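Visitor: Attaching a single structure in structure tokens format; questions to follow.
Nothing in this text is a laboratory measurement; each read-out follows from the coordinates by a stated rule. What you see is a predicted model; the values in this text were computed from it and never measured. Neighbour counts are summed over all protein chains in view; Cβ atoms, including those assigned to glycine, are modelled from backbone coordinates with ideal geometry.
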Amino acid sequence: MNRACLWKNATAHEQNQHASCIRPLKNNFVRMKHTLILSLCLLVVLGFSTCGEKKSEYPGYTPHQNGFFYKLIKIGDEAPKCQYNDYVTVDINYKTIKDSLFFSGRRKFQISKPDFPGAIDECLTFLAKDDSASFIISASQFFKKTLSSNLPSFLKEGDKIKVDVSIIDIQTPKQYAKEKEAFLRWIDDFGEYEKTILKQYIDGAKIKSAPLASGMYHLVLKAGNERAVKVGDTVVVHYEGRFLNGKFFDSTRERHEAFQFVYGQQWQVIKGMEEAIGMMHEGEKALFIMPSELGFGTTGSSTGIIPPFTSLIFEVELESIKSGK
């Protein structure tokens, strides 16, 4: 008797029992099939090529033919990927290869076409809006070629660094220019209002010193030694940031953790802090009053703590300077 006859002659109860056994197996197979298809699609969507490449020396990361390593973390729903000359808003972390974090923040910048393979700009072109990935790239190329800076003292030639990136937004040059033009027309009144508030504060605090060319006020509280900061040096600072009304919004002393970064390197600190530390000497403590164009500008901070067009006060102490290479 063939299988069709056996099935036909089976009781309804036997048929139901058989179906209940088969159904979970079928569902599991479908789920496995969908998972496999999705995994393959993710690699195709991101444009990564791994054919013929050796096993990665970094667990969890896949080598790319251009010399960097990547690990996919999250795939968004947007299809168009970043292009050279696009303006991107990203959440970005820099870590040593042993996962020691030395920078974290949100930045907006234009992607430039690099003149060498494996640059972070190239890595970004594999991602779309809402995508997240981790890349391992050459520390020397990143600092010396991409940032035009010296290698920090805690890194050496041949080292790799990890760059974790989440793409928040992508704008074409045309979209960016259009948005900027419209926004600048809208914000004129707010800029004038900030100037009035800042002037009232300066007059009320009886500050007699003139502002610098950038509009920032610099008041030395404690003199330092003769050692000045140079581009590429690693600086260790303590700072406290507050609004003109005296309310604090950030303090490294409250966190009991000094802030360390490479001076002159992009995306590390706000423009005003870069200027402020650049005029300080080791051991110096100073007060800086900054207009918003040196702080968080017309958009405010990414966290929402600091509103747009907000002048700020920073009390900064430059604890030490480590010479760059």
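Visitor: Label points 7 Å out from Cα along the Cβ direction at residue 84 and residue 168: separation in nm?
Guide: Modelled inter-label distance: 2.7 nm.
Visitor: If packing is taken as the average number of other Cβ atoms within 10 Å across a peptide's residues, how do 193-199, 147-153 rank, most packed first?
Guide: Ranked from most to least packed, the peptides come out as 147-153, 193-199.
Visitor: What aspartates and glutamates sit close enough to residue 174 to cross-link, taking a C-alpha to C-alpha distance under 15 Å and skipping anything fewer than 8 places away on the same chain?
Guide: Hits, sequence-local ones excluded: 86.
Visitor: State, as an integer percentage, the relative contact order of the stretch 62-171 based on alpha-carbon contacts under 8 Å between residues 6 or more apart.
Guide: Numbers: 239 pairs, mean separation 39.5, N = 110.
The value is 36 percent.
Visitor: Here's a follow-up. Mind running the shape call on the stretch 109-206? Use the C-alpha gyration tensor, a ≥ b ≥ c as the square roots of the eigenvalues: rounded below 1.5 for a/c, prolate if a/b tops b/c, oblate otherwise.
Guide: Judged from the Cα gyration tensor, the stretch 109-206 comes out oblate (a/c at least 1.5, b/c at or above a/b).
Visitor: Ok, one more. To check my understanding: the extent here is largest minus smallest coordinate of the Cα atoms along each principal axis. What are those three numbers for the stretch 246-325, in Å, largest first?
Guide: Dimensions of the stretch 246-325 along the principal axes of its Cα atoms: 36, 26, 20 Å.
Visitor: For the stretch 198-325, what is the charge dipole size about the Cα centre, in debye to the nearest 20, if Lys and Arg each add +1 at the Cβ and Asp and Glu each add -1 at the Cβ? Mind showing how you got there, number by number?
Guide: Working: 14 positive and 15 negative charges, 32 e Å.
The dipole magnitude comes to about 160 debye.
Visitor: If you don't mind, another one. Taking θ as phi - 60°, what are the ³J(HN,Hα) couplings along the stretch 60-66 by the Karplus curve (6.51, -1.76, 1.60), each to the nearest whole Hz, with x for Gly and Pro?
Guide: My calculation for the stretch 60-66 gives x, 10, 10, x, 10, 4, 8 Hz in order.
Visitor: Related question: Which of 108/129; 129/180; 71/160; 113/162; 71/129 have a Cα-Cα distance over 18 Å? The partial results should precede the final answer.
Guide: Values: 108/129 13 Å; 129/180 20 Å; 71/160 15 Å; 113/162 20 Å; 71/129 16 Å.
Long pairs (Cα-Cα over 18 Å): 129/180; 113/162.
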